[in-house]
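Before we start, here is the structure in question, set down as structure tokens.
The values are calculated or read from the model by the stated rules, or taken from the named source; none is laboratory data. What you are looking at is a predicted structure, and each value in this text was computed from that prediction instead of being measured. Neighbour counts are summed over all protein chains in view; Cβ atoms, including those assigned to glycine, are modelled from backbone coordinates with ideal geometry.
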């Protein structure tokens, strides 16, 4: 007997939306050619690619020429940081980030700061995961800052960040602000408080193998790679992936309000049931001011790998920020920065269309799973 | 490496040291909680751990149980965290 699979781990890569799959397949036929070629086939591929960029630009309130497509979200973030740092090297080499930025941003900040003899200035967060905005503003106003990076929302715990206030201060200081909307776009409005915006098609139900970087005209940056016709991301991107990403985003935005309401209610239900039915659970992130579909919690004395494995055997796909579930044996830097228990961690990001019955069933089986792991570890009465 | 509990300072019965070096999460916190169970409010427990997660998980456990982390230091390859135990009913 096969177990019905319930995917509750859509963060970063959601199941492909059916409309995105259709668009991808159609573009394999219509847009297979190299869009740099001047023949009819090449021009048809170019038209599809341009149309995708135009749709993506419209979705975030930008001009088409401000949208660059990248081979991944990670590549988009690396390039955003390194090209702006290079373009502004005469101003300084410091990069201001929150402690809970995606690893790609932190690593790019370390890499570029070291190259320019600057440093990564890391601003701490509260227990809720929200960055200390006063400290962030103070840090970016100091001399020698090449750029600042603050995520729109944290993809691991769901916390929205004060990007509007920080962007206002960044603008006053003349420092470009990179906003990583990789966990937000397609789920909540991302606003216009950014100079560079990075977004992740996989997260909104588009295909893998694509990233989006939007850069406002006037942001100074220099290419950091050998020269190519595609200046910022040499070699260009897959036309079918670009088209499918744009179609998926239009679909996600059209249903955004309804999906927000549905998924917010399901997460609220889990936030009620889990701490009521399982002892010693540390729920991360705020009840308000969060993404609608993300929930993270940690179970005291439980090993994260065991809980992920037991849930998988029961038919549920979930993520985890516990050290034992990572290849490096380091716990999630996000949970660590927040001071949330890192072991026994379960990370949930509900895909669109998640059924309430599946969420209830998840909440039904979880207490037994945690109880049996605790019994095995002999920690029930601790 | 065995989670051995030993009296800390000579003649100070309410100070114990838990050696959780070499253990991976959640074992250091479990060893610490087991040691804490039999100790009174106001006792100090020091845990030695090489697992980087202990730096976060010991304070999180203390918060959830009403204890207080007095000090976190590094001694070469391992972390040293000292916890002041809160009232037993909170545990």
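In this structure, is residue A:63 within 24 Å of residue A:174 (Cα to Cα) and either in the same structural domain as residue A:249 (by TED's automatic domain parsing) or in contact with a strand residue (DSSP E or B) (Cβ under 9 Å, 6 or more places away or on another chain) (or both)?
Values: within 24 Å of residue A:174 (Cα to Cα): yes; either in the same structural domain as residue A:249 (by TED's automatic domain parsing) or in contact with a strand residue (DSSP E or B) (Cβ under 9 Å, 6 or more places away or on another chain) (or both): yes.
In short, yes.
Surrounded by fewer than 22 Cβ atoms within 10 Å (Cβ to Cβ), assigned to a helix (DSSP H, G or I) and not assigned by TED's automatic domain parsing to the domain that holds residue A:315: which single residue out of A:56, A:38, A:25, A:77 fits that description? Quick ask: steps written out before the conclusion?
Details: A:56 fails: surrounded by fewer than 22 Cβ atoms within 10 Å (Cβ to Cβ); A:38 fails: assigned to a helix (DSSP H, G or I); A:77 fails: surrounded by fewer than 22 Cβ atoms within 10 Å (Cβ to Cβ).
Answer to the selection: A:25.
With (1) assigned to a helix (DSSP H, G or I); (2) within 14 Å of chain B (Cβ to nearest Cβ); (3) surrounded by 24 or more Cβ atoms within 10 Å (Cβ to Cβ) as the list, and residue A:337 as the residue in question, which single condition is left unmet?
Against the list (1) assigned to a helix (DSSP H, G or I); (2) within 14 Å of chain B (Cβ to nearest Cβ); (3) surrounded by 24 or more Cβ atoms within 10 Å (Cβ to Cβ), residue A:337 comes up short only on (3).
For residues that are in contact with a helix residue (DSSP H, G or I) (Cβ under 6 Å, 6 or more places away or on another chain), facing chain A (nearest Cβ under 8 Å) and more than 16 Å from residue B:34 (Cα to Cα), tally how many sit in segment B:49-91.
So the answer is 3.
On to the next question. Check segment A:140-163 and report whether any residue there is in a helix (DSSP H, G or I), surrounded by fewer than 19 Cβ atoms within 10 Å (Cβ to Cβ) and not assigned by TED's automatic domain parsing to the domain that holds residue A:282.
Start the filter on segment A:140-163 by keeping residues that are in a helix (DSSP H, G or I), which leaves A:140, A:163.
Still in the list and also surrounded by fewer than 19 Cβ atoms within 10 Å (Cβ to Cβ): none.
Among the residues of segment A:140-163, not one is in a helix (DSSP H, G or I), surrounded by fewer than 19 Cβ atoms within 10 Å (Cβ to Cβ) and not assigned by TED's automatic domain parsing to the domain that holds residue A:282, which makes the answer no.
Return yes or no: is residue A:88 out of contact with any helix residue (DSSP H, G or I) (no Cβ under 9 Å at 6 or more places or on another chain), within 23 Å of residue A:146 (Cβ to Cβ), crowded, with 16+ Cβ neighbours inside 10 Å and assigned by TED's automatic domain parsing to the domain that holds residue A:192? Steps first, answer last, please.
On the way: out of contact with any helix residue (DSSP H, G or I) (no Cβ under 9 Å at 6 or more places or on another chain): yes; within 23 Å of residue A:146 (Cβ to Cβ): yes; crowded, with 16+ Cβ neighbours inside 10 Å: yes; assigned by TED's automatic domain parsing to the domain that holds residue A:192: yes.
Considered against the rule, which asks whether it is out of contact with any helix residue (DSSP H, G or I) (no Cβ under 9 Å at 6 or more places or on another chain), within 23 Å of residue A:146 (Cβ to Cβ), crowded, with 16+ Cβ neighbours inside 10 Å and assigned by TED's automatic domain parsing to the domain that holds residue A:192, residue A:88 comes out as yes.
Right, here's the next one. What is the residue count in segment A:370-382 for residues that are away from every other protein chain (no Cβ under 12 Å) and farther than 17 Å from residue A:307 by Cβ?
0
Can you go through A:351, A:367 and tell me which one is within 24 Å of residue A:204 (Cβ to Cβ) and away from chain B (no Cβ under 12 Å)?
On the way: A:367 fails: within 24 Å of residue A:204 (Cβ to Cβ).
Within the list A:351, A:367, the selection yields A:351.
With respect to residue A:121, is the statement that it is in contact with a helix residue (DSSP H, G or I) (Cβ under 7 Å, 6 or more places away or on another chain) and either surrounded by fewer than 21 Cβ atoms within 10 Å (Cβ to Cβ) or assigned to a loop (DSSP other than H, G, I, E, B) (or both) true?
Numbers: in contact with a helix residue (DSSP H, G or I) (Cβ under 7 Å, 6 or more places away or on another chain): yes; either surrounded by fewer than 21 Cβ atoms within 10 Å (Cβ to Cβ) or assigned to a loop (DSSP other than H, G, I, E, B) (or both): yes.
Criteria met by residue A:121.
Confirm whether residue A:332 is more than 10 Å from chain B (Cβ to nearest Cβ), closer than 27 Å to residue B:35 by Cβ and in contact (Cβ under 8 Å) with a residue 60 or more places away in the chain.
Working: more than 10 Å from chain B (Cβ to nearest Cβ): no; closer than 27 Å to residue B:35 by Cβ: yes; in contact (Cβ under 8 Å) with a residue 60 or more places away in the chain: yes.
No.
Does any residue of segment A:136-143 turn out to be more than 15 Å from residue A:101 (Cβ to Cβ), over 23 Å from the mean Cα position of the chain (by Cα) and touching a residue at least 40 places away in the same chain (Cβ under 8 Å)?
Yes, the conditions are met somewhere in segment A:136-143.
Tell me yes or no: at least one residue of segment A:290-301 is touching a strand residue (DSSP E or B) at 6+ places or on another chain (Cβ under 7 Å), surrounded by fewer than 20 Cβ atoms within 10 Å (Cβ to Cβ) and either modelled with pLDDT under 95 or at negative phi (or both).
no
Could you grab the pairs with beta carbons closer than 7 Å, sequence gap of 6+ or different chains, first residue in segment A:266-283 and on the phi > 0 side of the Ramachandran plot, second one part of a helix (DSSP H, G or I)?
Listed by first residue and then by second, the contacts come to A:280/B:64.
Are there helices (runs of 4 or more DSSP H) fully within segment A:231-324 with at least 2 residues that are within 14 Å of chain B (Cβ to nearest Cβ)? List them. Walk me through how you get there before you give the answer.
Working: elements: A:239-254, A:256-277, A:304-313.
Ranges flagged: A:304-313.
If you don't mind, another one. Return yes or no: is residue A:184 in contact (Cβ under 8 Å) with a residue 12 or more places away in the chain, more than 23 Å from residue A:46 (Cα to Cα) and not in a helix (DSSP H, G or I)?
yes
Just checking, which of A:365, A:359, A:370 is closer than 15 Å to residue A:312 by Cα, touching a helix residue (DSSP H, G or I) at 6+ places or on another chain (Cβ under 6 Å) and outside the structural domain of residue A:101 (by TED's automatic domain parsing)? Lay out the reasoning, then the answer.
On the way: A:365 fails: touching a helix residue (DSSP H, G or I) at 6+ places or on another chain (Cβ under 6 Å); A:370 fails: touching a helix residue (DSSP H, G or I) at 6+ places or on another chain (Cβ under 6 Å).
Residue meeting the stated conditions: A:359.
Filtering segment A:94-108 down to residues that are assigned to a loop (DSSP other than H, G, I, E, B) and under 14 Å from residue A:77 (Cα atoms), which residue is nearest to the chain's Cα centre (by Cα)? Walk me through how you get there before you give the answer.
Narrowing segment A:94-108 to residues assigned to a loop (DSSP other than H, G, I, E, B): A:99-102.
Now restrict to residues that are under 14 Å from residue A:77 (Cα atoms): A:101-102.
Working: A:101: 9, A:102: 7 Å.
The extreme case among them is A:102.
Taking residue A:112 as meeting all but one of (1) in a helix (DSSP H, G or I); (2) closer than 19 Å to residue A:214 by Cβ, write down the number of the exception.
Single failed check for residue A:112: (2).
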